[in-house]
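What follows is a set of notes on a single structure, which appears directly below.
Each reported figure results from applying straightforward, stated rules to the coordinates on display, with no laboratory input. As the structure is a prediction and not an experimental result, all values here were calculated from the model.
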């Protein structure tokens, strides 16, 4: 029969000898009704994600004041959550200097810019055989890929230019169109078979492959200049983390000593690839990494407002 362990000989220490992780000075501060956003931001506890967010805001402002890149990689869900105007504002204010998205991110941007709607009911569409079969947005984006390949341009630049040329009704909230107008690089990274336009007979795989490869090389150029900058991943779990990994490897192979950058992922849950890239990779190369979990429609406006109002990042110097 196992006997209870005698504990008479336990050695005690004073609490004053112990290192503690939480101090009352780190606690949240109560606010009065009508407090400003800056007061609210300052009132957050200086613990875990709230402290990471403060560090990230400081890092972004420091990068921009030094003329370094702030690169935003974003998935389609960011667009479908209605956050395009926030990213457009950050571009207009000179905070975001480069962007990258996947094929779905570009497609939903086109639908919203041209028609003001997006995001169909997938299950209903699959049952009826109509999922992904909308002719107008697919025709537009597939034609843009043909133009991009013919002109040796990237997908992002060309789709943005074609939206401007078409005078899309909701162009003010199109990330692609506004990036083109501002001269900010926005690259589109496509995996064949993942997007609805790949199901249409006017999809030209060769043109899409050529144009998205051009965008990959443009993206590699941005990553080669990332030292001292910041890369933010908003909601891409697989494609953009892997593209970033390969771009970083290629840049360093070619002699660009990319290091000392900050990498952060914002997503609903923790994913392996988006934790490795950019978060873990930043830490391996002498920088810092943050993984902040929560809803995009809350966290991204929160981050943006902290940058715009709290830390006076309104008119920094453009990178590149």
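Brief remarks on what is shown
- Axis of helix 155-165 versus longest Cα principal axis of the chain: the two differ by about 60°, to the nearest ten degrees.
- Angle between the chain longest axis and helix 103-115 axis [Cα atoms, degrees, rounded to 10]: 60 degrees
- Among 221, 154, 229: highest mean-square fluctuation, GNM of the chain, C-alpha pairs under 10 Å: 221
- Alpha-carbon geometry of the stretch 53-135: the Rg and the Dmax are 16.6, 54 Å, given in that order.
- Relative contact order (percent, whole number), the stretch 68-310, Cα cutoff 8 Å, 6+ residue spacing: 22 percent
- Contact order relative to length of the stretch 119-172, as percent, for alpha carbon pairs under 8 angstrom and 6 or more apart: 20 percent
- Choice from 18, 276, 54 showing the highest fluctuation, given a GNM over the chain with Cα pairs closer than 10 Å: 18
- Over the stretch 61-203, Cα pairs under 8 Å with separation of 6+ residues give a relative contact order of 30 percent.
- Computed [θ] at 222 nm, deg cm²/dmol, the chain (DSSP H ≥ 4; -39,500 (n - 2.57); rounded to nearest 500): -13500 deg cm²/dmol
- Dividing the Cα radius of gyration of the stretch 144-239 by 2.2 N^0.38 Å, with N the residue count, gives 1.12.
- In the chain, the longest principal axis of the Cα atoms and the axis of helix 205-224 are about 40 degrees apart.
- For Rg and Dmax of the Cα atoms in Å, calculated from these coordinates, the label among [x] 21.4, 69; [y] 22.8, 84; [z] 20.0, 60: [y]
- For the chain, a Gaussian network of Cα nodes joined below 10 Å ranks 112, 226, 48 by mean-square fluctuation, and the top entry is 48.
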